[in-house]
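Student: Take this structure, written in structure tokens, and hold onto it; I'll ask about it next.
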Amino acid sequence: MMQIKAAITAVHGHLPDYVLTNQELERMVDTTDEWISTRTGIKERRILKGEGLATSDMGAEAARGLLEKSGNSPDDVDLLICSTVTPDMKFPATGNLISHKAGIRNAFSYDLNAACSGFIYALGTAASLVESGKYKKAVVVGADKMSSIVDYADRQTCVVFGDAACAVLLEPTTEALGVMDHRFETDGAGHVHLRMKAGGSLKPPSHETIDAREHYVYQEGQAVFKFAVTKMAGISLEVMHNNNLRSDDIAWLVPHQANMRIIEATGRHMGIPAEKVMVNINNYGNTTNATIPLCLWDYENQLKKGDNIILTAFGGGFTWGAIWMKWAY
Ligand code: UT7
């Protein structure tokens with residue numbers, strides 16, 4: 001029997017219009033363009049402004065554009081997974097709301113939360129469902145309105161994050177293309193370094209939690225930084241080793257965009273030259289679940305059928321992982 005693989009056949013993103021520059025941040029907190037540029041590589045990020053607009057609105061825009069671009073009707077989609085840490089509300093799932101807003105009526109949909117690793121976890125999960133032969137058109141959306149959980153009085157985090165959404169279409173193929181292998185890992189002991197302290201069942205919202213500013217991203221930057229480099233490079237090399245891939249075989253490395261120094265160090269550890277490492281952190285900052293598909297969208301014109309691509313991410317949880325795929329168009 002022919003083996004079914006799951007291949008990305010289209011990618012489309014949505015970026016909110018408002019551009020928050022380093023210069024504007026200089027007026028909001030005690031920081032400088034020089035510090036942000038040299039310590040993170042970020043120059044600007046997008047912010048979703050407007051009453052009543054949430055993660056699902058960006059996700060629906062990305063999904064709508066994706067289906068239009070690929071010539072598919074919303075009725076053709078049979079699965080939609082949204083990876084996000086900023087759902088519109090605790091329930092229903094943002095994936096349900098995206099489907100509704102994008103007119104996707106024949107799909108089952110749900111959310112997946114693996115913090116910054118969410119998109120690759122969701123892509124791996126969706127690929128397995130497509131490989132089963134049961135699903136023919138799966139949409140994976142990485143979307144976050146990080147501005148809804150960032151403390152704009154905390155200079156360590158507010159300079160880093162941005163808002164965006166990006167979606168990919170996964171379809172079955174019998175060619176040796178698409179998602180070839182993946183490996184994901186988790187270490188819940190890392191939760192102390194990166195989390196939102198309140199708002200869940202552990203500490204439901206109260207006047208006290210709001211006064212203590214516990215509904216924002218809490219991050220111990222340096223601790224996370226060290227893990228991010230070793231884990232992303234380590235698991236990517238493991239996936240490459242398991243598939244007899246050398247650094248020279250890799251056309252593109254697509255690392256989660258959390259910090260330019262982490263991106264560069266990961267590439268160095270893996271022996272991948274800078275010109276093969278996708279980077280767009282300068283324009284969008286860390287958009288959490290949207291960083292990796294946004295890179296694919298930005299570099300889409302440079303990708304060739306058969307290119308070996310490694311996607312890798314690290315995030316809260318801790319969660320991390322790597323996917324090897326062969327570009328399919
Ligand atoms: O996406 C999920 C996973 N997340 C990550 O991978 C993020 C990993 N961490 C990072 O990217 C970096 O740790 C940060 C960008 C968050 C922080 O950069 P850093 O180089 O690790 O800075 P630091 O926290 O070690 O702080 C160095 C100094 C401190 O001042 P002192 O104590 O040396 O006087 C900070 O107070 O820089 C100061 N600082 C700032 N100064 C100007 C921290 N943030 C700022 C700022 N502007 N925005």
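The values are calculated or read from the model by the stated rules, or taken from the named source; none is laboratory data. From a predicted model like this one, the values you see are computed outputs, not experimental measurements. Reconstructed Cβ throughout: ideal geometry from the backbone, glycine too, with neighbour counts over all protein chains shown. We work out accessible area using only protein heavy atoms, side chains counted, and drop any ligands, DNA or RNA first. Shrake-Rupley method; radii C 1.70, N 1.55, O 1.52, S 1.80 Å.
Student: Scan region 29-40 for residues that are in a helix (DSSP H, G or I) and in contact with a helix residue (DSSP H, G or I) (Cβ under 8 Å, 6 or more places away or on another chain) and report the count.
Tutor: Adding up the residues that qualify gives 5.
Student: Kindly state which helices (runs of 4 or more DSSP H) lie completely within region 41-160 and contain at least 2 residues that are in contact with a Leu (Cβ under 6 Å, 6 or more places away or on another chain) and under 24 Å from residue 224 (Cα atoms).
Tutor: The helices (runs of 4 or more DSSP H) meeting that bar are 118-131.
Student: Another question, if that's okay. Using the structure shown, decide if residue 28 is surrounded by fewer than 22 Cβ atoms within 10 Å (Cβ to Cβ) and either in contact (Cβ under 8 Å) with a residue 12 or more places away in the chain or within 16 Å of the ligand (Cβ to nearest atom) (or both).
Tutor: Working: surrounded by fewer than 22 Cβ atoms within 10 Å (Cβ to Cβ): yes; either in contact (Cβ under 8 Å) with a residue 12 or more places away in the chain or within 16 Å of the ligand (Cβ to nearest atom) (or both): yes.
Taking the combined requirement at face value, the residue satisfies it.
Student: Among the residues of region 254-261, are any more than 24 Å from residue 86 (Cα to Cα) and over 19 Å from the mean Cα position of the chain (by Cα)?
Tutor: No.
Residue-wise test of (1) closer than 20 Å to residue 76 by Cα; (2) assigned by TED's automatic domain parsing to the domain that holds residue 116; (3) more than 12 Å from the ligand (Cβ to nearest atom); (4) open to solvent by 50 Å² or more (accessible area, probe 1.4 Å).
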| site | (1), (2), (3), (4) |
| --- | --- |
| 137 | yes, yes, yes, no |
| 145 | no, yes, yes, no |
| 149 | no, yes, yes, no |
| 156 | no, yes, no, yes |
| 163 | no, yes, yes, no |
| 172 | yes, yes, yes, yes |
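Student: Out of all the residues in region 203-212, is one or more open to solvent by less than 30 Å² (accessible area, probe 1.4 Å) and within 21 Å of residue 321 (Cβ to Cβ)?
Tutor: No.
Student: Just name the residue that is nearest to the ligand (Cβ to nearest atom) out of those in region 81-121 that are open to solvent by 30 Å² or more (accessible area, probe 1.4 Å), under 25 Å from residue 178 (Cβ atoms) and aromatic (Phe, Trp, Tyr).
Tutor: The qualifying residue nearest to the ligand (Cβ to nearest atom) is 121.
Student: Moving on to the next point. When the residues of region 213-226 are narrowed to those that are touching a residue at least 24 places away in the same chain (Cβ under 8 Å) and either more than 8 Å from the ligand (Cβ to nearest atom) or of a type in the set (Asp, Glu) (or both), which ends up nearest to residue 182 (Cα to Cα)? I'd like the intermediate steps shown before the answer.
Tutor: Within region 213-226, the subset touching a residue at least 24 places away in the same chain (Cβ under 8 Å) is 213, 215-221, 223-225.
Among the residues that remain, those that are also either more than 8 Å from the ligand (Cβ to nearest atom) or of a type in the set (Asp, Glu) (or both) are: 213, 215-218, 220, 223.
Details: 213: 37, 215: 33, 216: 31, 217: 28, 218: 29, 220: 28, 223: 25 Å.
The selected residue is 223.
Student: Kindly establish whether residue 144 is without any contact (Cβ under 8 Å) to a residue 40 or more places away in the chain and charged (D, E, K, R).
Tutor: Answer is no for this residue.
Student: Any residue in region 149-161 that is in contact (Cβ under 8 Å) with a residue 60 or more places away in the chain sitting within a Cβ distance under 9 Å of a residue that is among the acidic types (Asp, Glu) and more than 8 Å from the ligand (Cβ to nearest atom)? List the pairs, counting only those 6 or more apart or interchain.
Tutor: Note: pairs meeting the criteria are 157/151; 158/151; 161/144.
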